[in-house]
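Nothing in this text is a laboratory measurement; each read-out follows from the coordinates by a stated rule. All figures in this text were calculated on a predicted structure; none of them were measured in a lab. Because the Cβ atoms are built from the backbone with ideal geometry, glycine has one as well, and the counts that use them run over all protein chains shown.
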Amino acid sequence: MENVQEFIDIEIEKIKSQVNGTALIALSGGVDSSVCAELAYRAIGDRLYPLFIDTGFMRKGEPEQVKAAFSHMNLQVIDASDRFFEAVKGIEDPELKRKAVGETFIRVFEEEAKKINADYLIQGTIYPDVLESEKGIKAHHNVGGMPEKMEFKGVIEPLYYLYKDDVREVGRALGLAVALSERMPFPGPGLSVRACGEATREKVAVAREANAIVEEEVMEILKPWQALAAVIGKGTGQKEEKRVYGWIIAVRIVNSDNAITAEPLEVPYPILKKIQERITTEIPDAVRVVYDVTPKPPGTIEFE
Ligand code: XMP
């Protein structure tokens with residue numbers, strides 16, 4: 001990005017001049033919404049209402065981290081996990097699942113927004129979200145998902161033309177905590193897309209533990225663009241000499257050029273082995289661990 005400070009000044013000015021009342025932002029704690037919230041907070045202070053919806057598809061410790069990181073703002077926290085699990089019940093198809101999560105998000109958001117009665121909606125949409133949704137590759141839940149019945153005076157998307165690296169640069173320039181600005185990308189529908197097929201509570205819980213293990217084992221050492229685990233199915237294994245028909249966990253560690261393309265890392269075998277050992281011992285019903293060597297394209301970064 002050519003001039004970060006100029007970008008920040010212009011966007012803060014734009015928000016300031018546009019919003020004379022209040023504005024609402026859905027804060028997930030990811031890089032995009034965090035940077036966006038901080039920009040908006042600089043512009044309108046306590047007239048910004050960041051709303052954090054706990055979908056039940058968050059990573060380990062994530063809701064607590066978000067609450068702590070934004071405690072200086074007027075943060076509203078909603079635990080909607082029951083509704084989200086109910087919404088994805090019985091859905092196997094990934095696109096239908098994304099839609100169900102997106103719609104539930106909008107409904108919960110609508111209900112809460114009504115209570116808050118804000119004038120504007122601020123969204124952390126970034127350019128790759130727009131591109132992928134336009135091409136019909138994956139329905140990113142924050143694109144084109146503007147709730148129809150909501151009566152906002154307008155929607156503000158300050159990061160619309162930015163790629164992830166630019167967003168991080170803005171975050172750094174805003175003095176955001178490193179844990180936030182350097183956070184790896186995480187999909188809006190969260191662990192629901194890493195619990196392939198029906199995202200049951202059990203499967204999501206397994207995905208949560210496996211993701212925590214993968215992150216702990218590789219983020220510091222390898223510093224990849226993204227490291228994740230997905231529950232991709234069931235297979236036969238054995239534990240304590242008994243047959244276990246348990247979970248198969250796929251590990252994916254990639255470097256990427258702005259999420260448009262991606263290349264799997266050649267992870268040193270001892271690291272892969274440690275990940276396998278931890279997953280199959282710490283997660284009772286996990287019986288197999290596989291490493292995905294597929295670039296994007298033909299794969300995508302997430303499994304769904
Ligand atoms: P894919 O799987 O399409 O992912 O190669 C590209 C990047 O986008 C993230 N991702 C999402 N981000 N909402 C988001 O905000 C979504 O619905 C979504 N789906 C995937 C993914 O983690 C990767 O960084």
### Message
Using the Karplus curve 6.51 cos²θ - 1.76 cosθ + 1.60 with θ = phi - 60°, what ³J(HN,Hα) values do you get for each residue of the stretch 272-277, in whole Hz, with x for Gly and Pro?
### Response
4, 4, 5, 4, 4, 4
### Query
In straight Cα distance, which lysines are under 24 Å from K223, not counting same-chain residues fewer than 8 positions off?
K60, K164, K273, K274, K296
### Message
Tell me the relative contact order for the chain as a rounded percent, counting alpha carbon contacts under 8 Å between residues six or more apart.
### Response
17
### Task
Tell me which residues come under 5 Å, amide H to amide H, from I156 once H is placed; ignore anything under 5 positions away on its chain.
L121, I122, Q123
### Task
Between P189, P224, P270, find the one with the highest GNM mean-square fluctuation for the chain; connect C-alpha pairs within less than 10 Å.
P270
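Assuming R0 = 35 Å, what is the FRET efficiency of E134 and E2, from their Cβ-Cβ distance, to the nearest 0.05?
0.85
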### Message
Along the Cα→Cβ direction, 7 angstrom out, place labels at T22 and A212. What is the inter-label distance in nm?
### Response
3.5
### Query
Across 5 Å bins from the origin, how do the percents of Cα pairs in the stretch 200-291 run, short distances first?
3, 14, 25, 23, 17, 11, 5, 2, 1, 0
### Task
Given the options A37, A87, A68, state which has the largest fluctuation in a GNM of the chain using a 10 Å cut-off (strictly under) for Cα springs.
A68
### Query
Under a plain spin-label model, where a point goes 7 Å from the Cα along Cα-to-Cβ, how far apart in nm are R83 and Y160?
2.7
### Task
Give the residues of the stretch 1-32 whose amide nitrogen is closer than 14 Å to a point set 7 Å from the Cα of R172 in the direction of its Cβ.
1-5
### Neighbour cut-off at most 14 other Cβ (10 Å), DSSP loop, trypsin sites (Lys or Arg not before Pro), the stretch 188-273
none
### Task
Go ahead and collect, in residue order, the members of the stretch 50-64 whose backbone nitrogen is under 15 Å from a label point 7 Å along the Cα-Cβ direction of M219.
58-64
#### Entry: Other-chain or far-sequence residues with amide H under 5 Å of L265's (modelled H)
I253, V254, N255
### Message
Please report the equivalent ellipsoid semi-axes of the stretch 1-69, computed as sqrt(5 x eigenvalue) of the Cα gyration tensor, largest first, in whole Å.
### Response
25, 15, 8
### Query
Pulled fully out, how much extra length does the chain show between T200 and K242, if you take 0.36 nm times their separation in residues and subtract their Cα-Cα distance?
12.6 nm
### Task
Note down the relative contact order for the stretch 4-181 as a percent, whole number, built from C-alpha pairs under 8 angstrom at least six residues apart.
28
### Message
Can you compute 3J(HN,Hα) from phi for each residue in the stretch 25-40, using the Karplus curve 6.51 cos²θ - 1.76 cosθ + 1.60 with θ = phi - 60°, rounded to whole Hz and x for Gly and Pro?
### Response
9, 7, 9, 9, x, x, 4, 4, 5, 5, 5, 4, 5, 5, 4, 5
#### Entry: Residues of the stretch 216-251 with amide N under 19 Å of the 7 Å Cα→Cβ point at D257
224-226
### Query
What's the exposure ranking of T236, T125, going from fewest to most Cβ atoms within 10 Å?
T236, T125
### Query
For the chain, what number results from the quotient of the Cα radius of gyration and 2.2 N^0.38 Å?
1.02
### Message
Given an 8 Å cut-off on Cα distances and at least 6 residues of separation, report the relative contact order of the stretch 200-291 as a percent.
### Response
30
### Task
Taking 7 Å along the Cα-to-C-beta vector as the label spot, tell me the K274-E111 distance in nanometres, rounded to one decimal.
4.4
